[in-house]
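**Student:** This is the structure I want to talk about, given as structure tokens.
The values are calculated or read from the model by the stated rules, or taken from the named source; none is laboratory data. Only a predicted model underlies this, so the values are computations on that prediction, with no experimental measurement involved. As a convention, Cβ positions derive from the backbone with ideal geometry for all residues, glycine included, and neighbour counts pool all protein chains shown.
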Amino acid sequence: PNELIPQRGVYAVLVEWRGRRYEGVANLGFNPTFGRTQLSVEIHLFDFAERLYGETIEVHFAMKIREERAFPSITDLVEQIRRDVETAHSLLAAHRTQVSLGPTR
């Protein structure tokens, strides 16, 4: 009911499923490299091997990494995804530190 859809782009995310929280990276958009026209959300969870198709999950878009864009080749896309994963790891690690230390004065 009181939900918002974030802007298109790549995000560091936290996902809740069956009472547990997982970290990952998500793309929200139209997959322009492949010419798709339907809005979709693709999520890669770190260190996670289970299948979630058909499951209900809660996604928290923690931090935006970059805008969605088309890439000239699959190789370029794969390299950018690798960098996005590294960035998401760093952002979420910093987020964990801030949360565990509490507010600063």
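**Student:** Take the conditions farther than 14 Å from residue 11 by Cβ and modelled with pLDDT of 95 or more and apply them to residue 28. Does it pass? Don't jump to the end; show me each part of the working.
**Tutor:** Numbers: farther than 14 Å from residue 11 by Cβ: no; modelled with pLDDT of 95 or more: yes.
The answer is no for residue 28.
**Student:** Would the stretch 54-62 turn up any residue that is assigned to a loop (DSSP other than H, G, I, E, B) and among the aromatic types (Phe, Trp, Tyr)?
**Tutor:** Checked against the condition, which is being assigned to a loop (DSSP other than H, G, I, E, B) and among the aromatic types (Phe, Trp, Tyr), the stretch 54-62 yields no hits at all.
**Student:** Looking at the structure I just gave you, is residue 96 modelled with pLDDT of 95 or more, exposed (fewer than 14 other Cβ atoms within 10 Å of the Cβ), out of contact with any strand residue (DSSP E or B) (no Cβ under 8 Å at 6 or more places or on another chain) and not in a loop (DSSP other than H, G, I, E, B)?
**Tutor:** no
**Student:** Within the stretch 1-48, which residues are crowded, with 16+ Cβ neighbours inside 10 Å, assigned to a loop (DSSP other than H, G, I, E, B) and among the aromatic types (Phe, Trp, Tyr)?
**Tutor:** The answer is 30, and nothing else.
**Student:** Return the residue satisfying two criteria in turn: it lies in the stretch 68-78 and is without any contact (Cβ under 8 Å) to a residue 40 or more places away in the chain and either part of a loop (DSSP other than H, G, I, E, B) or among the small types (Gly, Ala, Ser) (or both), and of such residues it is nearest to residue 5 (Cα to Cα).
**Tutor:** So the residue we want is 69.
**Student:** Quick one: count up the residues across the stretch 33-65 that are under 16 Å from residue 12 (Cβ atoms), of a type outside the set (Asp, Glu) and without any contact (Cβ under 8 Å) to a residue 24 or more places away in the chain.
**Tutor:** Here the count works out to 1.
**Student:** Determine whether the stretch 57-78 contains at least one residue that is surrounded by 15 or more Cβ atoms within 10 Å (Cβ to Cβ) and polar (S, T, N, Q).
**Tutor:** No, there is no match, as no residue in the stretch 57-78 is surrounded by 15 or more Cβ atoms within 10 Å (Cβ to Cβ) and polar (S, T, N, Q).
**Student:** Moving on. Modelled with pLDDT of 95 or more, under 13 Å from the mean Cα position of the chain (by Cα) and part of a strand (DSSP E or B): which single residue out of 81, 65 fits that description?
**Tutor:** Details: 81 fails: part of a strand (DSSP E or B).
Within the list 81, 65, the selection yields 65.
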